[in-house]
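Undergrad: Handing you this structure, nothing more for now.
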Amino acid sequence: MQTKLTLDINADEVLNPTPDTLAHVLFMHEIMQGHKIILAYEGDFSHAIIKNVLNMAEKNLEIAGTELQLKKKVFNIMVECLQNVSKHADDEPLANEVTNSSIFMIGKVNETYSIMSGNPVHVMKIDEIKKRIDAINDMSQVQLREEYLKVISSGIVTKQGGAGLGFLDMLRKSGQPLEYNFTKLDDDLYFFALKCNVSAKELEQIN
């Protein structure tokens, strides 16, 4: 399967490659192979780009011969994950523009897909995100459904434009706890990494 990769390399590096630049490309290639990454995108997440990323991901799932039900679940979770990046990524300018970009990746080991994303968030948002993910990670499938119906019926819309269903939907559809991590960028911003695993075995248990 062909691996798709987006790298931030300036024009001078492309036209006049140096040994360091070429080593960096090989280093990234080895990382993607080692972690079984089948698609990766880093940069801006506009609606047009999200659509293109989803199209590429869908084609990769078809090439891999992914079973229909599993493909639908993976695709739905990818949509939620990308929407989460688009809604929650901070627009605050940083001295280093690289740390202000977001990333989305899909990995596959055997029959388990890993949908991963990362984006900067303000330090003031961290507790809210942690509490939300920890709370739903502790819920059973029955409790998740009840919470979903509760949020839907409440009609509450968050500042990001949704009803706070992104994390909840990802866990409901995957049947596995969400993994996350926060890494400090500066005094105001942290890099929020999120991972959701989806496997055919888990889907059998929740359906």
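Undergrad: Yes or no: Ile133 surrounded by 14 or more Cβ atoms within 10 Å (Cβ to Cβ), touching a helix residue (DSSP H, G or I) at 6+ places or on another chain (Cβ under 8 Å), modelled with pLDDT of 90 or more and assigned to a helix (DSSP H, G or I)? So that I can check it myself, show each step before the final result.
TA: Working: surrounded by 14 or more Cβ atoms within 10 Å (Cβ to Cβ): yes; touching a helix residue (DSSP H, G or I) at 6+ places or on another chain (Cβ under 8 Å): yes; modelled with pLDDT of 90 or more: yes; assigned to a helix (DSSP H, G or I): yes.
Yes: the conditions hold for Ile133.
Undergrad: Only one residue in Asp12, Asp8 is assigned to a helix (DSSP H, G or I), modelled with pLDDT under 80, out of contact with any Leu (no Cβ under 8 Å at 6 or more places or on another chain) and loosely packed, with under 15 Cβ neighbours inside 10 Å, so which one is that?
TA: It is Asp12.
Undergrad: Which of the residues spanning segment 34-77 are in contact (Cβ under 8 Å) with a residue 24 or more places away in the chain, over 17 Å from Gly118 (Cβ atoms) and either assigned to a helix (DSSP H, G or I) or charged (D, E, K, R) (or both)?
TA: Lys36, His47, Leu54, Met56, Asn60, Ile63, Glu67, Gln69, Leu70, Lys73, Val74, Asn76
Undergrad: Can you name every residue in segment 175-202 that is touching a residue at least 40 places away in the same chain (Cβ under 8 Å) and out of contact with any strand residue (DSSP E or B) (no Cβ under 7 Å at 6 or more places or on another chain)? Working first, answer last.
TA: Quick first cut of segment 175-202, residues touching a residue at least 40 places away in the same chain (Cβ under 8 Å) only: 177-178, 180, 182, 185-201.
Hits for segment 175-202 are Pro177, Asp186, Asp187, Ala200, Lys201.
Undergrad: Looking at segment 78-115, which of the residues that are among the hydrophobic types (A, V, I, L, M, F, W, C) and under 19 Å from Asp187 (Cβ atoms) is modelled with the highest pLDDT?
TA: So, considering only residues that are among the hydrophobic types (A, V, I, L, M, F, W, C) and under 19 Å from Asp187 (Cβ atoms), the one modelled with the highest pLDDT is Ala89.
The values are calculated or read from the model by the stated rules, or taken from the named source; none is laboratory data. If you're wondering where the values come from, they're calculated on a predicted model, not measured in any experiment. Positions of Cβ are generated from backbone atoms using ideal geometry, with glycine treated the same way; all protein chains shown enter the neighbour counts.
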